[in-house]
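S.K.: Quick one: structure below, then a few questions.
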Amino acid sequence: MTVTDIGDARARRQRASEAAVWVLANVPFTLHWPDFPGFHDRWPGMEGADLMLVHGEIARFAAAMNEGAQDLEALAEKLPGRYEAWSRASNWLVRHFDADPSDARFQQLFGDLSRYEATLAWIDVVLRRNGSR
């Protein structure tokens with residue numbers, strides 16, 4: 001492996017990381033992100049192994065969220081999202097105690113939330129149910 005190969009691999013990982021953040025912030029959580037029309041407009045030429053790198057970065061976010069579950073407040077402070085959108089979703093989840101973001105009715109009503117916003121809504125629900133908010 002040459003220095004150029006290492007530099008190229010590093011650049012691909014960086015681009016995948018940036019694409020993953022874009023997906024988490026912009027693609028509705030109900031949609032399969034590689035099929036989202038805006039994805040390939042924003043990230044032209046990304047396919048195959050590069051898409052797998054993006055998938056890996058998104059999976060890393062999910063794993064980090066599970067690991068950070070003990071400090072949800074700190075996690076929520078780091079995530080971007082439209083307050084009015086995720087707070088409406090959170091209020092709905094609080095009123096529908098047996099529901100969660102995988103609920104079909106929730107997805108019908110709030111399917112336009114980004115992955116970050118759906119995460120913020122769920123964090124808010126957990127904190128409210130635990131009496132932290």
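S.K.: Quick check on this structure: which one of Arg60, Arg95, Arg42, Arg12 is exposed (fewer than 11 other Cβ atoms within 10 Å of the Cβ) and among the basic types (Lys, Arg)?
M.R.: Answer to the selection: Arg95.
S.K.: For the structure I just gave you, tell me whether Leu113 is crowded, with 17+ Cβ neighbours inside 10 Å, aliphatic (A, V, I, L, M) and either at positive phi or without any contact (Cβ under 8 Å) to a residue 60 or more places away in the chain (or both).
M.R.: When the stated conditions are applied, Leu113 does not pass them.
Residues are listed down the side, and each one gets a yes or a no for (1) out of contact with any Leu (no Cβ under 7 Å at 6 or more places or on another chain); (2) β-branched (Val, Ile, Thr); (3) over 17 Å from Ala16 (Cβ atoms):
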| position | (1), (2), (3) |
| --- | --- |
| Arg42 | yes, no, no |
| Gly56 | yes, no, no |
| Ala63 | yes, no, no |
| Lys78 | yes, no, yes |
| Tyr83 | yes, no, yes |
| Trp86 | no, no, yes |
| Asn91 | yes, no, yes |
| Tyr116 | no, no, yes |
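S.K.: Yes or no: the range 63-75 includes at least one residue that is of a type outside the set (A, V, I, L, M), touching a residue at least 12 places away in the same chain (Cβ under 8 Å) and closer than 20 Å to His32 by Cα.
M.R.: No, the conditions are met nowhere in the range 63-75.
S.K.: Could you tell me whether Ser87 is among the polar types (S, T, N, Q) and assigned to a loop (DSSP other than H, G, I, E, B)?
M.R.: Considered against the rule, which asks whether it is among the polar types (S, T, N, Q) and assigned to a loop (DSSP other than H, G, I, E, B), Ser87 comes out as no.
S.K.: Anything in the range 98-110 that is part of a helix (DSSP H, G or I), of a type outside the set (A, V, I, L, M, F, W, C) and surrounded by 15 or more Cβ atoms within 10 Å (Cβ to Cβ)? List them, or say none.
M.R.: Gln107
S.K.: In this structure, does Ala20 turn out to be closer than 19 Å to Gly81 by Cα, among the small types (Gly, Ala, Ser) and without any contact (Cβ under 8 Å) to a residue 60 or more places away in the chain?
M.R.: yes
S.K.: Can you find even one residue in the range 45-61 that is within 19 Å of Ser132 (Cβ to Cβ) and in contact with a helix residue (DSSP H, G or I) (Cβ under 8 Å, 6 or more places away or on another chain)?
M.R.: The answer is no; no qualifying residue exists.
Any read-out appearing in this document is the output of simple, stated calculations on the displayed coordinates, not a laboratory observation. It should be emphasised that the depicted structure is a prediction, and the values quoted were computed from it without experimental measurement. Every residue, glycine as well, gets a Cβ built from its backbone with ideal geometry; the counts of neighbours run over all protein chains shown.
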